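Take a look at the structure set out below.
The values are calculated or read from the model by the stated rules, or taken from the named source; none is laboratory data. Quantities reported herein were computed from a predicted structural model and do not represent experimental measurements. A quick note on method: Cβ atoms are made from the backbone with ideal geometry, for glycine too, and the neighbour counts reach across all protein chains shown.
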Amino acid sequence: MPTIAVKGSDIQWQCADDDTIMRSALRAGLGFPYECNVGSCGNCRFDLLDGEIEELRPDAPGLSERDRERGRRLGCQTRPLGDCMVKLRFMPQYVSHFPPARQSAILVGVRDITHDIREFRFKLDRPIRFLAGQYALLDLPGVGGGRAYSMANTENDAGEWHFQIRRVPNGVATGELFDRLLVGDKVGVDGPYGMAYFREEAERDIICLAGGSGLSPMISVSRAAAASPRFAGRTIDFIYGGRTTQDICGEDMLAELPRFGTHVRYHPVVSADSDDGWSGHRGFVHEVAERLFSDRIRDCEIYFAGPPLMGQAVQKMLIDLGVPSTQVHFDQFY
Ligand code: FES
């Protein structure tokens, strides 16, 4: 098993032959910076000073040509072929509350949420704890590399992890999930990961903003918040955006939470401008959030998840309104 050593320190850890440098560090309890886990964000860049490696995704957008020339690599996409010497700065906030583990899971249930979002319920070999809003990598048969999906439920003794996943047109992984995987089939699950988890200690009202598969982590955060005794008296406003009325979903799950309608409030929004009889909000999630909350948004804890364009628009809106970044939580891996 290769040993990874950090230059100029006494930090070193073992990386299993089929693991990546970043994930093995997190399993070892180290605060290796990361976000997406799939090669997109670039947060896990490190300097490779010595040693042979294999890149799992050589065209990963998280690494520029210049980075590559300077010897930088992506921790989430780098598998060591022998001992390595690296340079990077660990950060305490990235130390996992529950170190990620790899195990197998059985698909135990499936249900349709909309025409293209489905919930997949997996039961793990052994219960592993996770925080509401976190994600896992699913290793699906015939699909190279793990795919990141967020859990919709909260940690439970049964060891069930539920994922609400939107079908990607022509997507290899979602094609496997939607068209071929059957109840009783086994998959690999690696997790939990992610920094956009529910902050129980933050004494602020919550705003959740979601679109597409972003439903899943926002439902998880809402469920955890509504169940938390520390959250009593505060509010959750949940804005879900879809292109058309048939994309709108989530209300039934929020309606199961205590104090739905008073302290837990649902605001669906449709972006398409068509003659569909919709009498609710029209526009985009960030526009409706700004319209509904305006300056009050600065006093809230904001969680968001959704397609990249939605994420960018929400981030810009929050910056423009002066929301402190410490109150904003998202993992951009879509
Ligand atoms: Fe590795 Fe995002 S590129 S965590």
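Overview of results
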quantity	calculated
Restricting region 238-267 to residues that are over 14 Å from PHE284 (Cβ atoms) and acidic (Asp, Glu), the residue that is surrounded by the most Cβ atoms within 10 Å (Cβ to Cβ)	GLU251
Search result, residues across region 175-233 that are hydroxyl-bearing (Ser, Thr, Tyr), more than 19 Å from ASN37 (Cβ to Cβ) and not in a helix (DSSP H, G or I)	SER228
Candidates THR78, THR114, filtered to the one that is of a type in the set (S, T, N, Q) and within 16 Å of the ligand (Cβ to nearest atom)	THR78
Matching strands (runs of 3 or more DSSP E) fully within region 1-56 where at least 1 residues are within 21 Å of the chain's Cα centre (by Cα) and surrounded by 14 or more Cβ atoms within 10 Å (Cβ to Cβ)	45-50
Qualifying positions in region 115-141 - within 22 Å of HIS97 (Cα to Cα), charged (D, E, K, R) and within 16 Å of the chain's Cα centre (by Cα)	ARG129
Contacts under 6 angstrom Cβ, first residue in region 29-57 being farther than 17 Å from GLN14 by Cβ and charged (D, E, K, R), partner in a loop (DSSP other than H, G, I, E, B) and near the ligand (Cβ under 8 Å from one of its atoms), 6 or more apart	GLU35/CYS41; GLU35/ASN43; ARG57/GLY39
Scan of region 268-287 for residues that are of a type in the set (A, V, I, L, M) and either surrounded by fewer than 20 Cβ atoms within 10 Å (Cβ to Cβ) or in a strand (DSSP E or B) (or both), ordered by number	VAL269, VAL270, ALA272
Selection status of LEU254, modelled with pLDDT of 95 or more, among the hydrophobic types (A, V, I, L, M, F, W, C) and over 25 Å from the mean Cα position of the chain (by Cα)	no
Test for CYS41: is it within 14 Å of the ligand (Cβ to nearest atom) and in contact with an Asp or Glu (Cβ under 7 Å, 6 or more places away or on another chain)	yes
Hey, ARG73 within 15 Å of the ligand (Cβ to nearest atom) and part of a strand (DSSP E or B) or not	yes
Check on PHE98, touching a Leu at 6+ places or on another chain (Cβ under 9 Å), at pLDDT 95 or above, assigned to a strand (DSSP E or B) and closer than 18 Å to PRO217 by Cβ	no
